[in-house]
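> Provided herewith is a single structure, encoded as structure tokens, for subsequent inquiry.
The values are calculated or read from the model by the stated rules, or taken from the named source; none is laboratory data. Keep in mind that what you see is a predicted model, and the values were worked out from it rather than measured. Here the Cβ is made from the backbone with ideal geometry for all residues, glycine too, and neighbour counts use every protein chain on show.
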Amino acid sequence: MSMYFDVGDETLWNPSNGAGRLFMRQVEVFEAELKLPSGIGQGRYWGDPDTFEVDPAVYAVFVRGLVAWYCRTGHSVIRALSEGFTATAVTLARRAGIDVEVPEPAPDHRCGDPQRDIQVSGNPRTASHDKVEALGIRAREMDRWMAR
């Protein structure tokens, strides 16, 4: 069995049930963290738990907020926990025709400004550009791995 993430008649992603359920659970986590709705809801076959409709306007706000949040964090563990989901969300957005720009870091930006969570070790001046570049690479990889 598999799930469907659609915009109208176009299937953006057709993951296995396991991958789809995990993605949807992570959507719930990030909706709560960002305090934004995702725009992913019940699909055209009402009552079918395996079909989801993506509202491009709402999803655009969600994924842009997610990318901005991800790029602002300087916390290595938070970044590691969220990188795969963020890359998957960006890929889904791009397939929906949503322009998602990964922001360029400001010249004087220090990774982790502002930082609310304490990080035990690591370099607080890790180049934000590296983090942004890694997310872009990861999103391109995800596009190859995500079945339509």
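> Looking at Val102, is it within 25 Å of Met146 (Cα to Cα), at pLDDT 90 or above and β-branched (Val, Ile, Thr)? Give the derivation first.
Numbers: within 25 Å of Met146 (Cα to Cα): yes; at pLDDT 90 or above: no; β-branched (Val, Ile, Thr): yes.
It is false that Val102 is within 25 Å of Met146 (Cα to Cα), at pLDDT 90 or above and β-branched (Val, Ile, Thr).
> For the list (1) under 19 Å from Ala147 (Cβ atoms); (2) in a helix (DSSP H, G or I), I need the number of the one condition that Glu33 fails.
Among (1) under 19 Å from Ala147 (Cβ atoms); (2) in a helix (DSSP H, G or I), Glu33 violates only (1).
> If I ask for residues that are of a type in the set (A, V, I, L, M) and loosely packed, with under 11 Cβ neighbours inside 10 Å, which ones from segment 28-49 would you list? Step through it out loud before you land on a result.
First pass over segment 28-49, keeping only residues of a type in the set (A, V, I, L, M): 29, 32, 34, 36, 40.
The answer is Ala32, and nothing else.
> With (1) surrounded by 14 or more Cβ atoms within 10 Å (Cβ to Cβ); (2) touching a residue at least 24 places away in the same chain (Cβ under 8 Å) as the list, and Gly97 as the residue in question, which single condition is left unmet?
(1) is the only condition that Gly97 fails.
> Here's another thing I want to ask about it. What is the number of the single condition among (1) more than 19 Å from Met142 (Cβ to Cβ); (2) basic (Lys, Arg); (3) exposed (fewer than 12 other Cβ atoms within 10 Å of the Cβ) that Arg25 does not meet?
(1)
> List every residue pair whose Cβ atoms sit under 8 Å apart, with the two residues 6 or more apart in sequence or on different chains, where the first one lies in segment 50-67 and is touching a residue at least 12 places away in the same chain (Cβ under 8 Å) and closer than 22 Å to Ser2 by Cα and the second, anywhere, is part of a helix (DSSP H, G or I) and polar (S, T, N, Q).
Hits for this filter: Asp50/Asn17.
> Next question. Of the residues in segment 39-49, how many are farther than 17 Å from Gly97 by Cβ and either assigned to a strand (DSSP E or B) or in contact (Cβ under 8 Å) with a residue 12 or more places away in the chain (or both)?
Here is the first cut: in segment 39-49, the ones farther than 17 Å from Gly97 by Cβ are 41-49.
Subsequent filtering for residues that are either assigned to a strand (DSSP E or B) or in contact (Cβ under 8 Å) with a residue 12 or more places away in the chain (or both) retains 41-44.
Qualifying residue count for the region: 4.
> Further question: Could you please tell me which pairs satisfy a Cβ distance under 7 Å, a separation of 6+ or placement on different chains, a first residue in segment 7-36 that is more than 20 Å from Gly65 (Cβ to Cβ), and a second residue that is among the polar types (S, T, N, Q)?
Close Cβ pairs (under 7 Å, with a partner that is among the polar types (S, T, N, Q)) amount to Asn14/Ser2; Pro15/Ser2; Ser16/Ser2; Asn17/Ser2.
> Can you tell me which residue in segment 68-87 is farthest from Val27 (Cα to Cα), limited to those that are in contact (Cβ under 8 Å) with a residue 12 or more places away in the chain and aliphatic (A, V, I, L, M)?
Looking at residues that are in contact (Cβ under 8 Å) with a residue 12 or more places away in the chain and aliphatic (A, V, I, L, M), I get Val77.
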